[in-house]
Every structure is written in structure tokens, then in C-alpha cells.
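Engineer: Let me give you the structure first, and then I'll get to my questions.
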Amino acid sequence: MAAALLSKSPRLVICAILCVFLFSEVGVLRQAAALGINYGQVGNNLPPPPQVVQLLSSLRIGKVRIYDVNPQVLSAFAGTGIELIVTVPDDLVPGMAASASQALQWLTAGVRPYFPATRVTGIAVGNEVFTGDDEQLKASLVPAMRNLHAALAQLGMDAYVRVSTANSLAVLATSYPPSQGVFTQAAAPYMAQLLRFLVDTSAPFWINAYPYFAYKDDPTKVSLDYALSNPSHVGAVDPYTHLQYTSMLYAQVDAVTFAAARLGYGNVPVHVSETGWPSKGDANEAGATVENARQYNRNLLMRQISGEGTPLRPKLRLEVYLFALFNEDMKPGPTSERNYGLYQPDMSMVYNVGLNQQATMSAASLSLATSPASRRDVRKDFAGLCLVTSLAILLITQALLL
């Protein structure tokens, strides 16, 4: 019967092809909404920024975090639509705290010339400051952030750019069970100031969370399946909330949320500014293998595709930035530090987690990867799907009537 219909109406064939194309494009756009990834540059053999941007664009990666305001990088991202988080290095933080004009000068010289062609949406002030040893830097962080936000307002950019800071998970004194999450005594006073600023400016709390470290430090007691977020793993149940956790990362995020709630800021969104797993390590670095790295990132991407939130916030997809885009050969420390990349510097894959690079935009796809999306994004996708479905039905009906 289908063959007869097709023989009578060649236009039906065209309509069928068009419908397949339209449906596939909706799927691509949905999946490629904006995978977050960290683009570090601590290497002497990395490709030039225009090639990196071409790679990211071909993968439809829509969110990128960098660790400076490199002019070549900012210029390369112009016109791509990729959202970019830039970073204020630690050594500039005290000056920005002491002088509003220094914050304005940094923003005017380092960011404003590229905006809005380069879609800067976030500024990370310092990195893991509250778990360091520099007390002056800790005291300066939130005042610097306030001065920077005031400078954004002065330039008319505050509605587009959020200011936050990436924190180490070590700001928590307790992370398990998640409901018992609490900040350390040393960090708590600073955290109260930070959380107040984030509420005032509608900015997220950023956490660098690595289940790999927990497994490496105690591989005999920490479940590898739990650390890798394997969905088949039974996981653990919080005895106080009775929420079940099959992913250590998601448990860590909820622990931060509970810790913030203890200070009166339970509604602040918690985003993962870094997470990853090394594909290679030293003899004493348990679990640092290609297979574990592939499995960790693949599991995480699968959870992103499904729109999964944490057990505490199940309807809000967790926003995550993978670490990292490239292996960086000049990073100090153990071997693992130089082997977090999804790609080698020659842009070949270290391992495949489901990212498919295509030559043309219409064919570009992510077979397994997508970025965090809000419920509003989901509604937009559903509306778009309904529109495409209606168009497809109309085309087929017209073809059958001809």
C-alpha cells in the first residue's frame, strides 16, 4: 500500500524526506542546547583559538568556560553564539576590592570591547579562593565581586553577565549524607557574604566537584560505580530525607544546597563549574583510566540528555561544565592533571563519549551530549516540536490529496 501511494504521488516522497529532516533538526537542536565545557590553555602545543572554536561549533557545544580574558580567544568566539564564562585571576582580586575604578578598568579593557559580539554571560572571580591559605584574598573576594557587578551596571551589561566564583568542594565540612551538608567553620562567614551577593544579583553558586578524588583517596571503601554515576548502581539512600542517590556528583551538589540552606539561602541555584575524570595517572592514582574517564563523562551526558535533576531538585536539570576540552601538557602536579581532556592537542579524541563532529552545520549533531536547560527551554522545545509535527502532517495531507 505504501509503495502504491508513493508511486502515485512522488511529492509524498519529498514530504517524507522533509519530515525526517525537520524531526532530525529538532532533535539536534534539543540535544545541542549548550553542553558546558572548560577550555584551559596551560599547554605549549594547543591548537590556535579559531580552530578550537571551529571544533566547538561543529560539536554544537554552546557553553564554554575560560580562565582569563585572552584577546585572541575572545575575538575567536565573536559571532558564534557560544556562551562564555571568563575569569578574573586571583592576583587582581584585592585591587578590585580596594578600588571600584580598577574593576571598571579591567572590564572596560578586557571584556567590553568584545561584547556583545562575543557572548560573555559570566565572570568567575578567582578560583577556589575560600579553600586557599591567603586570608587577604578571601576577605577581598566578595567586595571585588560587588565592585565588578557595579561596573557591569555602569556599562549596561549587568542584565547579561552574572558574577560568581568557583568553589572547591572542600568548602564543605560534611558532604554525606547530602542532607547533612554544612560549610566548614573557616568558610562559613565568607559563604554567608557570597550567598547574599548571589541572591542580590540572581547569580548561581559554582562548585568544582570531582568524585574521582573521593575514589582515588579510598578505592577500597568508595564504590567505583557510585563515583562513575553508573545508572545501574543501587546507590545510597539519605537516611534523613530518604532520597536515593545513584550518582556521587549529584549527591555532592545537593550537599552544597543543604549547606546553603543552613545559612538561609536554600534557593540559590548550584551549578557545577568543573567536573571530570582523568584518562591517565600515576601508579598511586587509582581509577585514572581511559575506560573510567569515558564512562564517567558518558554517564553524565546521558543524565543531561534525560533532563535529570538532582534528587533534591528533580525537575531542574543540573547545569554542568565538563573538565576539560584538551589534555594540557604544562599543568603541574601528578600525571592525572595533564590528562583530563576529551581531546588531544591535535584535536583527535582521547576517547569517544558520544560527541559526533560533522562538517556542516545542518548535519552537526551530538549523539549523547546536551547541556543543562531550564524548564522554560523544555517548553520551547516542545512548542517547536508541535509546530514541526503540524507542518509535517499538513505537507503529507496535501501530498496525498494531489
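The values are calculated or read from the model by the stated rules, or taken from the named source; none is laboratory data. Bear in mind that the values here come from a model prediction, so they are computed numbers and not experimental data. Here the Cβ is made from the backbone with ideal geometry for all residues, glycine too, and neighbour counts use every protein chain on show.
Engineer: Output the number of the condition that Leu318 fails; it satisfies all remaining conditions of (1) among the hydrophobic types (A, V, I, L, M, F, W, C); (2) closer than 23 Å to Leu56 by Cα; (3) crowded, with 17+ Cβ neighbours inside 10 Å; (4) at pLDDT 95 or above.
Structural biologist: (4)
Engineer: Okay, moving on. For the stretch 287-335, which residues satisfy the criterion of being in contact with a Leu (Cβ under 8 Å, 6 or more places away or on another chain) and among the basic types (Lys, Arg)?
Structural biologist: The answer is Arg298, Arg303.
Engineer: Here is a further query. Which of (1) in a loop (DSSP other than H, G, I, E, B); (2) of a type in the set (Gly, Ala, Ser); (3) more than 24 Å from Gly276 (Cα to Cα); (4) modelled with pLDDT of 50 or more is the odd one out, the single condition Ser362 does not satisfy?
Structural biologist: (4)
Engineer: Report every pair of residues separated by at least 6 positions or lying on different chains whose Cβ atoms are under 7 Å apart, first residue within the stretch 306-327 and over 22 Å from Gln244 (Cβ atoms) and touching a residue at least 40 places away in the same chain (Cβ under 8 Å), second of a type in the set (S, T, N, Q) and in a loop (DSSP other than H, G, I, E, B).
Structural biologist: Asn327/Asn339; Asn327/Gln344
Engineer: Hey, any hits in the stretch 288-305 for a residue that's surrounded by fewer than 19 Cβ atoms within 10 Å (Cβ to Cβ), among the acidic types (Asp, Glu) and touching a Pro at 6+ places or on another chain (Cβ under 8 Å)?
Structural biologist: There is no residue in the stretch 288-305 that is surrounded by fewer than 19 Cβ atoms within 10 Å (Cβ to Cβ), among the acidic types (Asp, Glu) and touching a Pro at 6+ places or on another chain (Cβ under 8 Å).
Engineer: Another question, then. Just the residues that are surrounded by fewer than 22 Cβ atoms within 10 Å (Cβ to Cβ) and on the phi < 0 side of the Ramachandran plot, please, taken from the stretch 141-158.
Structural biologist: Pro143, Arg146, Ala150, Ala153, Gln154, Leu155, Met157, Asp158
Here is a yes/no grid of residues against (1) out of contact with any Phe, Trp or Tyr (no Cβ under 7 Å at 6 or more places or on another chain); (2) among the polar types (S, T, N, Q); (3) in contact (Cβ under 8 Å) with a residue 12 or more places away in the chain:
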residue	(1), (2), (3)
Thr246	yes, yes, yes
Thr257	yes, yes, yes
Val268	no, no, yes
Ser273	no, yes, yes
Gly276	no, no, yes
Asp282	yes, no, yes
Glu285	yes, no, yes
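Engineer: Still on this model: Can you report the number of residues in the stretch 12-40 which are at pLDDT 50 or above and either hydroxyl-bearing (Ser, Thr, Tyr) or out of contact with any Phe, Trp or Tyr (no Cβ under 7 Å at 6 or more places or on another chain) (or both)?
Structural biologist: 2
Engineer: Search the stretch 78-96 for residues that are surrounded by fewer than 16 Cβ atoms within 10 Å (Cβ to Cβ) and pair each with any residue that is among the basic types (Lys, Arg) and at pLDDT 95 or above when their beta-carbon atoms are under 7 Å apart and the residues are at least 6 apart or on different chains.
Structural biologist: Matching pairs, first to second residue: Gly81/Arg119.
Engineer: Residues of the stretch 128-176 being among the polar types (S, T, N, Q) and in contact with a Pro (Cβ under 9 Å, 6 or more places away or on another chain), which ones?
Structural biologist: If the condition is that a residue be among the polar types (S, T, N, Q) and in contact with a Pro (Cβ under 9 Å, 6 or more places away or on another chain), then Gln136, Ser140, Ser164 are the ones that fit.
Engineer: Taking the residues in the stretch 41-75 that are at pLDDT 95 or above and among the β-branched types (Val, Ile, Thr) as candidates, determine which candidate is surrounded by the most Cβ atoms within 10 Å (Cβ to Cβ).
Structural biologist: The qualifying residue surrounded by the most Cβ atoms within 10 Å (Cβ to Cβ) is Val64.
Engineer: Condition (residue is within 30 Å of Thr165 (Cα to Cα), within 20 Å of the chain's Cα centre (by Cα) and not in a loop (DSSP other than H, G, I, E, B)) applied to the stretch 226-241: is it met by at least one residue?
Structural biologist: Yes, the stretch 226-241 contains a residue that is within 30 Å of Thr165 (Cα to Cα), within 20 Å of the chain's Cα centre (by Cα) and not in a loop (DSSP other than H, G, I, E, B).
Engineer: For the stretch 317-352, which positions are closer than 18 Å to Leu249 by Cα and over 14 Å from the mean Cα position of the chain (by Cα)?
Structural biologist: Matches in the stretch 317-352: Tyr340 only.
Engineer: Is it true that some residue in the stretch 67-75 is assigned to a helix (DSSP H, G or I) and hydrophobic (A, V, I, L, M, F, W, C)?
Structural biologist: yes
Engineer: Could you list, in sequence order, the residues of the stretch 86-127 that are in contact with a helix residue (DSSP H, G or I) (Cβ under 8 Å, 6 or more places away or on another chain) and closer than 22 Å to Glu319 by Cβ?
Structural biologist: The answer is Val86, Val88, Val111, Thr118, Val120, Ile123, Val125, Gly126, Asn127.
Engineer: Being closer than 16 Å to Asn167 by Cβ and either within 16 Å of the chain's Cα centre (by Cα) or in a helix (DSSP H, G or I) (or both) is the filter here, so list the residues in the stretch 262-306 that pass it.
Structural biologist: Those that are closer than 16 Å to Asn167 by Cβ and either within 16 Å of the chain's Cα centre (by Cα) or in a helix (DSSP H, G or I) (or both): Arg262, Pro269, Val270, His271, Val272, Ser273, Glu274, Thr275.
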